[in-house]
Amino acid sequence: MKPEKSKILIAEDDPVSAKIISNILSKNNYTPVLAANGEEALERYKEYFYPIAIIDLNMPKMSGFDLIQEMKKTGNEPIVIVQTADRDVETVVSIMKQGVYDYINKPVNSEELLLKVEKAFELAGLKKMEKAVEKEQEVRLARQLDWNLLRKEISSKKGFDKYDKNLFASLKTSFTQGAGIGTLISLLSLLTKQIHKEGDKYTIEANLMDLIISNTQMAEKALKVISEIDELIRKDFRLVPVSPLEIYELLKEVIVDLDELIKIKNHKVKISDPNFPLSGQKVNVNKEQLKKAVKEVILNGLRFSEADTSIIILMTVAKNKLTVSFLNSPSKSAVDGEGIPAGYERIIFEPFFRLSKYLDERYGTLDYGLGLTMVNKIIQKHKGKISVSQLNDYVDMEGKKELMVNFEVELPVLLT
């Protein structure tokens, strides 16, 4: 069932067409609001923000084209679907140049209308998220520029004590209690007490040996990742200039590669449409390494987010940097519903740090807190940075307040 919040403004002077569209939408749990002309539609829009507007181009008092321009002036324009009886290609092209999302021909086809409205609401949700992220970025920048706050943060010995205690406590936990190396040490200790020597051979129980083998394999994986991180620190990899569109396609490839893991908790991964110039700009990257980093960030979101929610990826290019935001709704069972607690924003990128003791082994990741460390090193090698923050007051399309964790990657755009 779609929520009451799914309101759609319909600007249509033909009462028959308006009624047909209204009935189709109402039967599918949308809430249509009718306006008989452009002026009436604009007044309604100023009173209430409608995320979607279906607009007839030929209306009295104010045309559909003029209505679209007036809506843009409000600074909070809707996703627009126009309806027209004109099937001329030039007319359609001129429509799309107005920044219109899509169009439908008269007479209206119900299946086509519903499909385009559903996609429009999905886009509206992504646009709403983009604005929330932009606002959070502004707040974060203001905090960084506030010298008094920064000085207080630096001089807080308590903060540093907390940092060191968490880091070294995590190291101790990983090597004494965690699966793999920690369990292997315990098993080997147990083995020395239970093996029996018969001549020049030892005999041990099969179950114990199976545990030793499985934990040896996990320890080998951990050491492999540690070696990869060491390699990243000591050596440079080759970077080549690519377009933002190529990076966008790389993100889509990773989503396809992770399809089976995305299904584990019935997640969806949504990526916004390209919101950047399609020519001229380049970013120096190593595609193989960047793909590895993106995969790990998305996996982190899948592991620690609520089932049946979406991982949202937003990509923008502005102010000589390319920014990719990965947002997820934190799982209450994994992190007590707190997301990333204040003071932990930097620590989670440290080796062996784990915010949660909970591990979902279905994702095949290591229980050592090394994944985000590797991501951090890869992004640093790209002359970029990765950070984490929270959107504490984000309100979704249904009007519900929701906590969102935002992993943000920034890469420098080459100056031309």
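A short reminder: the numbers here are calculations on the coordinates, not readings from a lab. Keep in mind it's a predicted model, so treat the numbers as computed, not measured. In this analysis, Cβ positions are derived from the backbone assuming ideal geometry, glycine residues included, and neighbour counts consider all displayed protein chains.
Points worth noting:
- Cα gyration tensor category, rounded, prolate or oblate, for the range 7-127 with a/c compared to 1.5: rounded
- For the residue pairs Lys292/Lys401; Lys291/Lys383; Lys282/Lys383, alpha carbon separations beyond 23 Å are given by Lys292/Lys401.
- Cα gyration tensor shape for the range 287-334, rounded if a/c is under 1.5, else prolate or oblate: oblate
- Protection proxy ranking for 71-77, 291-297, using the average of other Cβ atoms within 10 Å per residue and placing the highest first: 291-297, 71-77.
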